[in-house]
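See structure below.
The values are calculated or read from the model by the stated rules, or taken from the named source; none is laboratory data. Keep in mind that this is a model prediction, so the values were computed, not measured. So basically every Cβ, Gly included, is an ideal-geometry build from the backbone, and we count neighbours across all protein chains shown.
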Amino acid sequence: MSKESGRPRNAAVTRSVILEAARSRFIEQGYDGASLRDIASDAGVDVALVSRYFGSKDDLFRAALTSDTQPDGLLEGDLSDFGERVAGMFIFDAPQQTKFEKLLMILRSASSPKAAEVIRACGEETFYRPLAEQLGGANAPVRARLTAALITGLAILRALDEDFLLSSEDRKEFCRRTGEILQLISEAD
């Protein structure tokens, strides 16, 4: 048994508990506000154990960012309905709270030069490059970033007001137009 928490020792469970505590701290306080000591305390472990499982604070932040990277279906499916599918996902599908929480973690941490470096590297590795590969063709990296800019804005608006402060009919029209824009972006020049 671990004397800190009374839990039996289990590396996978301990790692998961630490990661969840880190996510919560990074979401609430951003990179600079979260300390390894507070994360360890929240997880009920010694701070040395955090370092043992994750290494540095940067490595722990990277792990928090890269778990559950994209909404289901974003990088799947045929490009012929990409715009409609992605617009519907962000405008009508049930909100995926963990994705909004990750966005909060990024926004609250982006002013930190160390965190910004990790955010950029993780974004390229887990989102921009895979999306550019899916889109393919000419200017794929540019089109991937345009797509990301649009869906990030949608995610922020959705987090603020689930229905975008639009009537049901207006939301359908908003979704249709957003889908057209996303489809246009997804098509190679």
(message) With the structure loaded, tell me whether ALA140 is over 16 Å from the mean Cα position of the chain (by Cα) and in contact (Cβ under 8 Å) with a residue 40 or more places away in the chain or whether it fails that test.
(response) yes
(message) SER80 - would you say it is more than 30 Å from LEU184 (Cβ to Cβ) and among the small types (Gly, Ala, Ser)?
(response) no
(request) Could you identify the single residue in ALA87, ALA116 that is modelled with pLDDT of 95 or more, small (Gly, Ala, Ser) and either assigned to a helix (DSSP H, G or I) or more than 14 Å from GLY153 (Cα to Cα) (or both)? (result) ALA116
(message) For SER167, only one of the following conditions fails: (1) buried (at least 17 other Cβ atoms within 10 Å of the Cβ); (2) within 17 Å of GLY88 (Cα to Cα). What is its number?
(response) (1)
(request) Consider only pairs whose beta carbons are under 7 Å apart and that are at least six residues apart or on different chains; among these, list those whose first residue lies in the range 75-93 and is exposed (fewer than 13 other Cβ atoms within 10 Å of the Cβ) and whose second residue is in a helix (DSSP H, G or I) and charged (D, E, K, R). (result) GLY77/ARG85
(request) Count, please, the residues in the range 33-66 that happen to be charged (D, E, K, R), surrounded by 15 or more Cβ atoms within 10 Å (Cβ to Cβ) and in a helix (DSSP H, G or I). (result) 5
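Kindly provide the set of residues from the range 158-175 that are modelled with pLDDT of 90 or more and either part of a helix (DSSP H, G or I) or farther than 24 Å from LEU104 by Cα (or both), ordered by number. First the steps, then the outcome.
Within the range 158-175, the subset modelled with pLDDT of 90 or more is 163-175.
Selection gives SER167, SER168, GLU169, ASP170, ARG171, LYS172, GLU173, PHE174, CYS175.
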